[in-house]
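Presented below is the structure to which this report refers.
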Amino acid sequence: YLSAPLVLSTELVGALNVYGFDEDSFGQLDEALVRLLTTAASAVISNARRYLRMRDIADNLRTAMDSRAEIEQAKGALMAVHGITAEEAFQKLVTESQHTNTKVATVARGLLATLAR
């Protein structure tokens, strides 16, 4: 058999194993090709992980940007009704979010919905 490690950065994540039928099935060229394959596979796996991580970050940023307007509107409403600062209004939203175990954006959306009625 011929085996080469799959390494991502400094983390060993697996190995590529090739089996032959004869005792001397593999030569130096085969060893070099297996090392080349594992290097390429490691690069592909690293790139795929990096892509997924960046996609998650982009999705989270997109969600944050979408909810930002509602949060700012809710802060403005709280500031107007209670005569408080922006920081105090945001803290009220955060406190309600923690008490109800919901996201701040959901609390803001609910507040705006009650004001619309």
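The values are calculated or read from the model by the stated rules, or taken from the named source; none is laboratory data. Here the structure is a predicted model, which is why all the values come from computation and not from measurement. Neighbour counts are summed over all protein chains in view; Cβ atoms, including those assigned to glycine, are modelled from backbone coordinates with ideal geometry.
Would you be able to say whether some residue in the stretch 31-43 is basic (K, R) and either more than 28 Å from A105 (Cα to Cα) or surrounded by fewer than 10 Cβ atoms within 10 Å (Cβ to Cβ) (or both)? Walk me through how you get there before you give the answer.
Taking the stretch 31-43 as the starting set, the residues that turn out to be basic (K, R) are 35.
Checking the rest, the ones that are also either more than 28 Å from A105 (Cα to Cα) or surrounded by fewer than 10 Cβ atoms within 10 Å (Cβ to Cβ) (or both) come to 35.
Yes, the stretch 31-43 has at least one match.
Need at least 1 residues that are free of Cβ contacts under 8 Å to residues at least 60 places away in the same chain and under 30 Å from S3 (Cβ atoms) per element, so show me which helices (runs of 4 or more DSSP H) inside the stretch 17-117 make the cut, counting only ones lying wholly within it.
Values: elements: 28-82, 86-100, 104-116.
Hits in the stretch 17-117: 28-82.
Please go through the stretch 1-16 and give me each residue that is part of a loop (DSSP other than H, G, I, E, B) and more than 27 Å from the chain's Cα centre (by Cα), ordered by number.
Of the residues in the stretch 1-16, the ones part of a loop (DSSP other than H, G, I, E, B) are 1, 9-10.
Answer for the stretch 1-16, where residues must be part of a loop (DSSP other than H, G, I, E, B) and more than 27 Å from the chain's Cα centre (by Cα): just Y1.
For S25, are the conditions met, namely being closer than 26 Å to G110 by Cα, surrounded by 10 or more Cβ atoms within 10 Å (Cβ to Cβ) and either modelled with pLDDT under 95 or among the aliphatic types (A, V, I, L, M) (or both)?
no
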